Amino acid sequence: MKRICLFLSLLPLLSCGIKADTMPLLEPSYQVKRIGSSVYFRPLDGSSVAQGFRKEGSLYVKEEERPFCFKITRQEGKTRKECLPEAPKEKPLLIVEEGPSQAIIKAQGFTRYYIYREPFDPFSGEAFEGKTIVRKDYVPVCFLVTGEIRPRVESSPERICLKAIPLELKDVQRLEYVVDEKNIYILWSYEADEHFEAFVVYKDGKKVATLKGYMFVDERPNKETIYTVKVLSKYGTESRGVSITYRP
């Protein structure tokens, strides 16, 4: 009888059960920035979405000059509200002093600036004050410079482009040919450096081949023919070239 009473007294406690701990809703994780009239949003958690933005690659973009607010929602998580001021009207004034291998960019109009190398990523800017030095390349390079209004708000960018560093490519050496009954073999030697990409062969001024090797095979011409071999750099530029003339 005592056991039955004890069981009945514990029954209300057992019927309540043990509730599992609930996971808290996660906050959205993201980056957001206004650059001029463009507002950029990048989710860092893989699931947050900004209301009213269009997708461009890994970013979301919205064009809006007026001040506005928008919601950011994380999938199965919380929603956050962001508000941004109107688009800045000012732009930085730039003075560029271009040297052989680098350029000095002096900026006026703001206290702090950001410089972006193209292709443009709005979250990859490097901050500077007053002036900055950038290295040139063997191809033309372009930069965008903005002025900071406040954190996450920058002016419309000013764009500058720098000339390529002149590259004097070495030409091939010991250019010669060997023939048999059917073919002509154009041969050369070359000591490749870090700029080398390939060789380009021209036949009477017309490009006929791009190759990595040191020999070009062609059907034996039946008339006087000029073969020219140029060195192609990985930047797309070519050397002056060396020519040889075949006479049947």
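All of the numbers you see were taken from the coordinates with simple rules; none came from a lab. Computed from a prediction, not measured in an experiment: that's the story for all the values here. Cβ coordinates were reconstructed from backbone atoms using ideal geometry, including for glycine residues, and neighbour counts include every protein chain displayed.
Pop the C-beta distance of Glu63 and His195 into the FRET formula with R0 = 30 Å and round what comes out to the nearest 0.05. Working shown, then result.
Values: r = 41 Å, r/R0 = 1.38.
That gives a FRET efficiency of 0.15.
Gaussian network model of the chain, Cα springs within a sub-10 Å range: biggest mean-square fluctuation belongs to which of Val179, Val229, Val96?
Val179
Note down the relative contact order for the range 93-162 as a percent, whole number, built from C-alpha pairs under 8 angstrom at least six residues apart.
Values: 136 pairs, mean separation 21.7, N = 70.
It comes to 31 percent, rounded to a whole number.
Between Gln102 and Leu44, what is the label-to-label distance in nm when each label sits 7 Å out along the Cα-to-Cβ direction?
3.1
Which of (1) 38; (2) 62; (3) 32 is the computed percent of Cα pairs over 28 Å apart for the structure on display?
(2)
On the Cα set of the range 125-206, report Rg and Dmax in Å, please.
23.5, 77
Expressed in nm to one decimal, what extension gain is obtained for the pair Thr111 and Lys163 from 0.36 nm per residue of sequence separation less their Cα-Cα distance?
Working: separation 52, 0.36 × 52 = 18.72 nm, distance 2.78 nm.
Additional length available on full extension: 15.9 nm.
Out of the range 110-169, which GluC sites (Glu not before Pro) are coil in DSSP terms and have no more than 13 other C-beta atoms within 10 Å? Present the calculation step by step, with values, prior to reporting the outcome.
Details: sites: Glu126, Glu129, Glu148, Glu154, Glu158, Glu168; in loops: Glu129, Glu168.
Answer by residue number: Glu129, Glu168.
Normalised radius of gyration for the range 173-246, please: alpha carbon Rg relative to 2.2 N^0.38 Å, two decimal places. It would help to have the intermediate numbers written out before the result.
Numbers: Rg = 12.2 Å, N = 74, 2.2 N^0.38 = 11.3 Å.
The value comes to 1.08.
Past 26 Å, Cα to Cα: identify those pairs from Lys33/Lys71; Lys55/Lys106; Lys89/Lys163; Lys81/Lys106; Lys33/Lys163, in the order given. Present the calculation step by step, with values, prior to reporting the outcome.
Working: Lys33/Lys71 14 Å; Lys55/Lys106 34 Å; Lys89/Lys163 29 Å; Lys81/Lys106 37 Å; Lys33/Lys163 30 Å.
Pairs exceeding the cut-off: Lys55/Lys106; Lys89/Lys163; Lys81/Lys106; Lys33/Lys163.
Starting from 0.36 nm per residue, how many nanometres of slack lie between Thr210 and Leu187 once their C-alpha separation is accounted for? Don't jump to the answer; show the numbers that get you there.
Working: separation 23, 0.36 × 23 = 8.28 nm, distance 1.41 nm.
Result: 6.9 nm gained on full extension.
Translational diffusion coefficient of the range 93-162 at 4 °C, 1.567 mPa s, Stokes-Einstein with Kirkwood Rh over Cα pairs, in µm²/s as a whole number.
Working: Rh = 12.2 Å.
Here the translational diffusion coefficient equals 106 µm²/s.
At 7 Å along Cα-to-Cβ for each site, give me the label-to-label distance between Ser243 and Thr73 in nm.
7.0
Using only Cα atoms, tell me the angle between helix 2-16 and the longest principal axis of the chain; keep it within 0 to 90° and round to the nearest 10.
50
Just round it to a whole percent: the fraction of Cα-Cα distances in the range 30-84 exceeding 16 Å.
Details: 505 of 1485 pairs.
When every Cα pair of the range 30-84 is considered, 34 percent fall beyond 16 Å.
Please work out the Cα center distance from the range 88-104 to the range 43-67, rounded to the nearest Å.
Their Cα centres are 30 Å away from one another.
Can you list the residues of the range 20-41 with backbone N under 11 Å from a point 7 Å past the Cα of Arg80, pointing along Cα to Cβ?
So the set is 27-32.
Taking 51 Å as R0, compute the FRET efficiency from the Cβ-Cβ separation of Gln173 and Phe123 and round it to 0.05. It would help to have the intermediate numbers written out before the result.
Numbers: r = 48 Å, r/R0 = 0.95.
Once the sixth-power term is evaluated, E becomes 0.60.
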